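Below: the structure, in structure tokens.
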Amino acid sequence: MAHRWKNDLSYGDVTPEHVYLNRRQVIAGLAGTGLAVAAGSLSAETLEPNSWEEITTYNNFYEFGTGKEDPAKYAHQMKTDPWSVKIDGLVDNPGEYSFQDILSEMTVEERIYRFRCVEAWSMIVPWNGFELGDLLAMAGVQEGAKYAAFETLLRPSEMPGTAYRTIDWPYREGLRLDEALHPLTIMATGIYGKPIPNQNGAPLRLVVPWKYGFKSIKSIVRITLTDKEPPTSWSTLIPGEYGFYSNVNPKVDHPRWSQASERRIGGGLFSKRQPTLMFNGYENEVASLYEGMDLAQNY
Ligand SMILES: Nc1nc2c(c(=O)[nH]1)N[C@H]1C(S)=C(S)[C@@H](COP(=O)(O)O)O[C@H]1N2
Ligand SMILES: [Mo]
């Protein structure tokens, strides 16, 4: 599928692969330098409010535990072959689609995107994937469909984190149909030109580059088209902090920290903050989706 937008990023901007894969160590390393500890004693004005959050509570794959080392330790237990995705609800061709069948129908391309976690760290990731819109076209979107709901695999024997009710499993996410059909919205099957590692959401995950990272649900087993806004894991758990939209927005702060800036992981400049861009830098492409909406209200 030809790119329908002009990417301002190239491979030179990409977060080095070893940094992406070893974020936990990089972040742990920062704690070791004493920077994070020192931050705790700074005044509110100079304190980077989420630095401790980033280090201690940013998550990646709660199904394997909330500890920062857990996904790396346990995600290899998840069997990703065979894999199928159930597509149901308001579609012409509902059913179980095997990952292989999906891949044989889709065109995988590389997309270099900014990735901005709600906890104010960011990266630039070279994803490999296909447009979600192509998959939904294959399933046949019926009139009346207004939202797409997504679910992650729930297999407790392989996912030790699901023994704890941190989340009402399975992990759920959702998009408005026009967001789901937007050409920037992809289903990723790889990173750095290789199959996506288990801990990052093998064999396929959502990537919505203008939204906070938690919308990018991993290891998807079900997609349902509905006419109602679907419940999503984080907005169900803490509705006052995480909304359905979760668009990256430097002007709408998280109740507990500022979203005006972010820490770009990599390049040895780990502690340097940079301004967060409206819609994570994809404003020209997606702002029209939200015309007339109060983005502070619809966070
Ligand atoms: N199923 C599932 N998907 C998930 C999560 C999770 O815990 N479970 N964490 C989310 C969060 S908070 C972020 S920031 C990204 C992290 O993706 P990465 O580890 O590949 O950077 O995955 C998102 N998708
Ligand atoms: Mo996140």
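Throughout, read-outs are computed from the coordinates displayed, never taken from laboratory work. Nothing here was measured: the structure is a model prediction, and the numbers come from that model. In this analysis, Cβ positions are derived from the backbone assuming ideal geometry, glycine residues included, and neighbour counts consider all displayed protein chains.
General observations
- Between Thr189 and Asn128, Gly129, Phe130, the built amide H atoms are under 5 Å apart, and every one of these is 5 or more places off in sequence or on another chain.
- For the range 158-294, the pair-distance distribution built from all alpha carbon pairs, in bins 5 Å wide starting at 0, is 2, 8, 15, 20, 21, 19, 11, 4, 1, 0 percent.
- Packing-based ranking of 218-224, 14-20, 91-97 yields 218-224, 14-20, 91-97, ordered from highest to lowest mean Cβ neighbour count within 10 Å.
- Spatially, the range 204-264 and the range 90-133 are offset by 16 Å when compared through their Cα centroids.
- Taken one residue at a time, the phi angles of the range 71-77 give Karplus couplings (6.51, -1.76, 1.60, θ = phi - 60°) of x, 4, 6, 10, 5, 5, 6 Hz. Gly and Pro are set to x.
- Ranked packing of 207-213, 258-264, most packed first, by mean Cβ within 10 Å: 207-213, 258-264
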